[in-house]
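> Quick one: the structure is below, and I'll ask about it shortly.
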């Protein structure tokens, strides 16, 4: 039962990401990269960080390693580059999730973090962390989009559930 819950959380995660990317495409390109007071300097920077963190955590969970660095806005020419990378990453994460069982979720993962320190977490903890980490930054993205006149509306889990129920 636990793996089905995790998979549903990831379905929600990708639904919410797609909604925000759709709204970000409506924003003026100058606003997309305009300096803000939020975590990663701009709407574009926060999108890149959120996507890059998903990539990093999948590598940690699947391969036991962290990349040498996270992606930055300089790694992508524009929003389409983010969408393309995120689409590939989503496919890789979904493939990883499809091979997991409840027993696998209870196993520890070991990885070296970006500061070179060895870390240990249970797989389910890391999987849930990734969705919750994304929610923090999706909230910031939603505020920026709203400030720019392109509110995504509600981005919470229950909206996703109700939309899926029809």
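> For the Cα atoms of the chain, what angle does the longest principal axis make with the long axis of helix 2-24, in degrees from 0 to 90, nearest 10?
It is inclined by approximately 20 degrees.
> Also, quick follow-up: Separation of the stretch 70-111 and the stretch 126-166 by C-alpha centroid, Å?
The distance from the Cα centre of the stretch 70-111 to that of the stretch 126-166 comes to 18 Å.
> Set the Förster distance to 22 Å, then compute FRET efficiency between residue 102 and residue 80 from the Cβ-Cβ distance, nearest 0.05.
Computed FRET efficiency for residue 102 and residue 80: 0.05.
> Then there's this: Give me P(r) over the chain, computed from all C-alpha to C-alpha distances, binned every 10 Å, as integer percentages.
All Cα pairs, binned at 10 Å, distribute as 10, 38, 35, 16, 2 percent.
> Measure off 7 Å from each Cα along the Cα-to-Cβ vector at residue 132 and residue 164, then give the distance between these two points in nanometres to one decimal.
Label-label distance for residue 132 and residue 164, simple model: 2.0 nm.
> Would you mind calculating the gained length between residue 154 and residue 117 on full extension (0.36 nm times residue separation, minus the Cα-Cα distance), in nm to one decimal?
Using 0.36 nm per residue and subtracting the Cα-Cα distance, I get 9.6 nm.
> Same structure again: Relative to the longest principal axis of the chain, what angle (0 to 90°, nearest 10) does the C-alpha long axis of helix 43-63 take?
Compared with the principal axis, the helix lies near 10 degrees.
> Here is a further query. Order these by the 10 Å Cβ neighbour count, fewest first: 23, 33, 8.
Sorted ascending by nearby Cβ count, the order is 8, 33, 23.
Coordinate-derived values only; no laboratory data. Only a predicted model underlies this, so the values are computations on that prediction, with no experimental measurement involved. Cβ: placed from backbone, ideal geometry, glycine included. Neighbour counts: every protein chain shown.
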